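Engineer: Here's a structure for you.
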Amino acid sequence: MKPLRTLICTVAFVALSTALVAQEKFEPIFNGKDLSGWKVPDNNIWYLVQDGILQIRSSPDQKGSVIWTEKEYSNFVMELEFKFIAGTVDSGVHVKCEDQIQIGISGSLKRDMTASPYIPGKGYPVEAEGVKELLKMDDWNQMRIEVRGTEYAVSLNGKKVMTYKSDTGKEKGPIGLQLHGGKDMSIDYRNLKISEL
């Protein structure tokens, strides 16, 4: 009887896991050819597209900016790849407007805070764990951001490193990619896709 019960539990778990994965239907939010679907700053010289890669580059005056999706999102899973190219990289993914998942060096803390949430007015309320061992400085990194309401979970290169519930987050808003001002930096993004939940 015990082996049968174990088998039933295993089958139920696999079925549930499969159902959850099946609910994730990803669609690209960057087509790899141009910036269709994004609100691009006037006189754009910061966000370039080449060979399927979104290249973010500082201008000589090091002016900061954010590129925003035209569409707004509520609950979603976003996956992307990023690669540090040069300089002091300070970038990140804005989640439904102001809250942000950091990628690179924090301007305020002067150290790498990749995968940690930056919350306006609060700084970094929690720090992602194990990032130093996971982060590839000279290769592509894979990031997964899960957003349910105002709760965020981030995985880096296949391992969950952070969860945080924001009390100032919005229920709905666009997604942004940041180029921090006052930095000489270059970062590449590719394979940006999203599954609405």
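The values are calculated or read from the model by the stated rules, or taken from the named source; none is laboratory data. Here the structure is a predicted model, which is why all the values come from computation and not from measurement. Glycine also receives a Cβ, built like all others from the backbone with ideal geometry; neighbour counts cover every protein chain displayed.
Engineer: Hey, among the residues in region 100-129 that are without any contact (Cβ under 8 Å) to a residue 24 or more places away in the chain and touching a Leu at 6+ places or on another chain (Cβ under 9 Å), which one's surrounded by the most Cβ atoms within 10 Å (Cβ to Cβ)?
Structural biologist: Going through the qualifying residues, I end up with ASP112.
Engineer: Can I ask one more? Just to be sure, is ALA86 among the aliphatic types (A, V, I, L, M), touching a residue at least 12 places away in the same chain (Cβ under 8 Å) and in a strand (DSSP E or B)? Let's see the steps before the verdict.
Structural biologist: Values: among the aliphatic types (A, V, I, L, M): yes; touching a residue at least 12 places away in the same chain (Cβ under 8 Å): yes; in a strand (DSSP E or B): yes.
Yes, satisfied.
Engineer: Among (1) under 16 Å from LYS159 (Cβ atoms); (2) assigned to a loop (DSSP other than H, G, I, E, B); (3) hydrophobic (A, V, I, L, M, F, W, C), where does ILE101 come up short?
Structural biologist: Tallying (1) under 16 Å from LYS159 (Cβ atoms); (2) assigned to a loop (DSSP other than H, G, I, E, B); (3) hydrophobic (A, V, I, L, M, F, W, C), ILE101 fails exactly one: (2).
Engineer: Hey, another quick one. Could you run through region 137-147 and say how many residues are out of contact with any Leu (no Cβ under 7 Å at 6 or more places or on another chain), surrounded by 13 or more Cβ atoms within 10 Å (Cβ to Cβ) and either assigned to a strand (DSSP E or B) or not aromatic (Phe, Trp, Tyr) (or both)? Let's see the steps before the verdict.
Structural biologist: The first filter runs over region 137-147 and keeps only residues out of contact with any Leu (no Cβ under 7 Å at 6 or more places or on another chain), leaving 137-140, 142, 144-147.
Checking the rest, the ones that are also surrounded by 13 or more Cβ atoms within 10 Å (Cβ to Cβ) come to 140, 142, 144-147.
Filter again for either assigned to a strand (DSSP E or B) or not aromatic (Phe, Trp, Tyr) (or both), leaving 142, 144-147.
Count: 5.
Engineer: If you go through region 54-74 one residue at a time, do you hit one that is closer than 17 Å to ALA153 by Cβ and not acidic (Asp, Glu)?
Structural biologist: Checking region 54-74: at least one residue is closer than 17 Å to ALA153 by Cβ and not acidic (Asp, Glu).
Engineer: Residues in region 119-138: is at least one modelled with pLDDT of 95 or more, under 19 Å from LEU197 (Cα atoms), charged (D, E, K, R) and out of contact with any Gly (no Cβ under 9 Å at 6 or more places or on another chain)?
Structural biologist: For region 119-138, residues modelled with pLDDT of 95 or more, under 19 Å from LEU197 (Cα atoms), charged (D, E, K, R) and out of contact with any Gly (no Cβ under 9 Å at 6 or more places or on another chain): absent.
Engineer: Quick check on region 31-44. Is at least one of its residues closer than 19 Å to SER91 by Cβ, in contact (Cβ under 8 Å) with a residue 40 or more places away in the chain and polar (S, T, N, Q)?
Structural biologist: No: region 31-44 contains no residue that is closer than 19 Å to SER91 by Cβ, in contact (Cβ under 8 Å) with a residue 40 or more places away in the chain and polar (S, T, N, Q).
Engineer: Hey, among LYS172, LYS132, which residue is exposed (fewer than 13 other Cβ atoms within 10 Å of the Cβ) and without any contact (Cβ under 8 Å) to a residue 24 or more places away in the chain? Talk me through it step by step, then tell me what you get.
Structural biologist: Working: LYS172 fails: without any contact (Cβ under 8 Å) to a residue 24 or more places away in the chain.
Exactly one residue qualifies, and that residue is LYS132.
Engineer: Okay, next question. Looking only at region 151-169, filter to residues that are modelled with pLDDT of 95 or more and part of a loop (DSSP other than H, G, I, E, B); which one of those is nearest to LYS83 (Cα to Cα)? Write out each step before concluding.
Structural biologist: Let us first name the residues in region 151-169 that are modelled with pLDDT of 95 or more, namely 151-166.
Filter once more, keeping what is part of a loop (DSSP other than H, G, I, E, B): 157-158, 166.
Values: ASN157: 12, GLY158: 16, SER166: 27 Å.
Residue satisfying both the conditions and the ranking: ASN157.
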